[in-house]
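> Got a structure here, written out as structure tokens. Questions coming.
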Amino acid sequence: MTEYVSLQRNGLVATILLKRPDAYNALNEKMRLQLAQAVAEVEADATLRVVVIAGVGRGFCAGADIKSRSAKTSGEVLEEEFRPCLAPIWSSDKIYIAAVHGYAAGIGAAIALACDLIVMENTAKLALAFAAIGLIPDGGLCWHLTRALGSRRALEAIVEGQSLDAELCAKTGLANRITDPGDALATAQTWAATIADAAPLAVTAAKRLVAQSGQMDIHDIFSYEAKEQTHLAQSKDHDRGVAAFLGRETPVFKGS
């Protein structure tokens, strides 16, 4: 697709690859813009249901390229160049899966945690290296870490600039699946294909409900579930699923 970011399609699944291996996939301005373009392209493609994000070379992503100079302030870079990469993932109807090997450092960790699901190789780490250069986590990392670890554990990890290994990430819910070295991308793509065959309206509704559950009490979530269930029960995909279940067949969901 472009110099530093490639986009591959395979049926209902897309794979976005970060491709600047000589710099551990550190994001300079051109790469940030190319990543935003790739995310916008998959979001505009209604035929895609699941997106995998991975890095080539020794690791997932070293974060922002601190050797790259910009006339913009750090805040402007975040708002104008990183937000377009991340915000569409947060609000997408599609499922995003990060396939992490090596290090996902700095805002590279934010890209991984922006995804709905994460596959990590057992040697991979999420590196919170901000404190070492006098900065705080950005890209939404504080939100993700606090939600997964709790406020005290998140603060400890942030101020100490900890690297969170795959085992800890799995135990705390930051990661979903752990693989052997070299298997993260293939595992993520296989998982993506399985999810893509599920009923897309139900998958999207589940994503919305999980996202809202931390901000609502159980009474509100109950009502939200009832509203979503009413909509889904009236869909043709529900009819297809019931017919396939009764006929002992595999359903083919069409998102309608």
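> Based on the alpha-carbon gyration tensor of the range 39-91 and its eigenvalue square roots a ≥ b ≥ c, which shape applies: rounded if a/c is under 1.5, prolate if not and a/b is larger than b/c, or oblate?
Oblate shape, in that a/c is at least 1.5 and b/c is the bigger or equal ratio.
> Using Cβ counts within 10 Å as a stand-in for footprinting exposure, how do Lys125, Lys254 rank, fewest first?
Lys254, Lys125
> I would also like to ask the following. Could you tell me what % of all Cα pairs in the range 1-109 have separations over 24 Å?
19
> Quick one: compute the contact order of the chain, relative version, from alpha carbon pairs under 8 angstrom and 6+ residues apart, as a percent.
Over the chain, the number comes to 16 percent.
> May I ask for the longest run of the chain untouched by GluC sites (Glu not before Pro) that are loop-located per DSSP and have at most 12 neighbouring C-beta atoms (other than their own) within 10 Å?
Maximal segment without exposed cleavage sites: 4-159.
> Which residues' amide hydrogens lie under 5 Å from the amide hydrogen of Arg20, considering only partners 5 or more residues apart or on another chain, with H built in the peptide plane?
Asn25, Val56
> Now for a different question. Relative to the longest principal axis of the chain, what angle (0 to 90°, nearest 10) does the C-alpha long axis of helix 184-196 take?
30
> Among Ala129, Tyr96, Ala114, which residue has its Cα positioned farthest towards the positive end of the charge dipole of the range 35-167, with +1 placed on the Cβ of Lys and Arg, -1 on the Cβ of Asp and Glu, and the dipole taken about the Cα centre?
Ala129
> Using a 10 Å cut-off around each Cβ, can you sort Leu17, Leu35 from fewest to most neighbouring Cβ atoms?
Leu17, Leu35
> So what is the calculated 222 nm ellipticity per residue for the chain, using -39500 (n - 2.57) for each DSSP H run with n of 4 or more, over all residues, to the nearest 500 deg cm²/dmol?
-13500 deg cm²/dmol, from helical runs alone.
> Right, something else. Springs between alpha-carbon atoms under 10 Å, Gaussian network over the chain: tell me which of Ala64, Ala38, Ala131 tops the mean-square fluctuations.
Ala131
> If you place +1 on the Cβ of every Lys and Arg and -1 on the Cβ of every Asp and Glu, how big does the dipole about the Cα centre of the chain come out, in debye to the nearest 20?
160
> Now for a separate question. What size of dipole, in debye to the nearest 20, comes out for the range 119-200 about its Cα centre when the only charges are +1 on Lys and Arg C-beta atoms and -1 on Asp and Glu C-beta atoms?
Taking the Cα centre of the range 119-200 as origin, the dipole is about 300 debye.
> In the calculated pair distance distribution of the range 55-119, what percentage of Cα-Cα distances lie above 13 Å?
I get 67 percent for the Cα pairs in the range 55-119 exceeding 13 Å.
> Can you tell me the Rg and Dmax of the chain, counting just the alpha carbons, in angstroms?
18.9, 63
> Once R0 is set to 30 Å, what does the formula 1/(1 + (r/R0)^6) return for the Cβ-Cβ distance between Val56 and Glu156, expressed as a FRET efficiency to the nearest 0.05?
Efficiency, rounded to the nearest 0.05: 0.40.
> Mind listing which trypsin sites (Lys or Arg not before Pro) in the range 174-252 are in a DSSP loop and have 14 or fewer other Cβ atoms within 10 Å?
Arg248
> To continue, here is another question. For the range 24-102 and the range 127-149, what is the centre-to-centre distance using only Cα atoms, to the nearest Å?
17
> Arrange Val252, Val77 by Cβ neighbour counts within 10 Å, fewest through most, would you?
Val252, Val77
> Under 27 Å between C-alpha atoms is the cut-off here; go through the chain and count lysine pairs that meet it, provided they're at least eight residues apart or on different chains.
For the chain, the number of qualifying lysine pairs is 25.
> Here's something else I'd like to know. Cα-based Rg (one decimal) and Dmax (whole number) for the range 129-242, in Å?
Expressed in Å, the Cα Rg and Dmax of the range 129-242 come to 18.6, 56.
> Using only the alpha-carbon atoms of the range 200-246 as identical scatterers, what base-10 log of I(q)/I(0) does the Debye formula give at q = 0.14, 0.16, 0.19, 0.32 Å⁻¹?
Reported log10 I(q)/I(0), two decimals: -0.39, -0.48, -0.63, -1.13.
> Whole-Å semi-axes of the range 80-201's equivalent ellipsoid, largest first, each the root of 5 times a Cα gyration tensor eigenvalue?
Square roots of five times the eigenvalues give 24, 17, 13 Å.
> Right, something else. Under 5 Å between amide hydrogens, which residues at least 5 positions from Ile53 or on another chain qualify, with H placed 1.01 Å from N in the peptide plane?
Here Ile16, Ile97, Ala98, Ala99 satisfy the definition.
> Could you go through the range 215-229 in sequence order and give the Karplus-derived ³J(HN,Hα) for each residue, using 6.51 cos²θ - 1.76 cosθ + 1.60 with θ = phi - 60°, rounded to whole Hz, and x for Gly and Pro?
With coefficients 6.51, -1.76 and 1.60, one gets 10, 10, 7, 5, 5, 5, 5, 4, 5, 5, 4, 4, 5, 5, 5 Hz.
Readers should treat all values here as calculations from the given coordinates under stated rules, not as data from a laboratory. All values derive from a computational prediction rather than experimental measurement. As a convention, Cβ positions derive from the backbone with ideal geometry for all residues, glycine included, and neighbour counts pool all protein chains shown.
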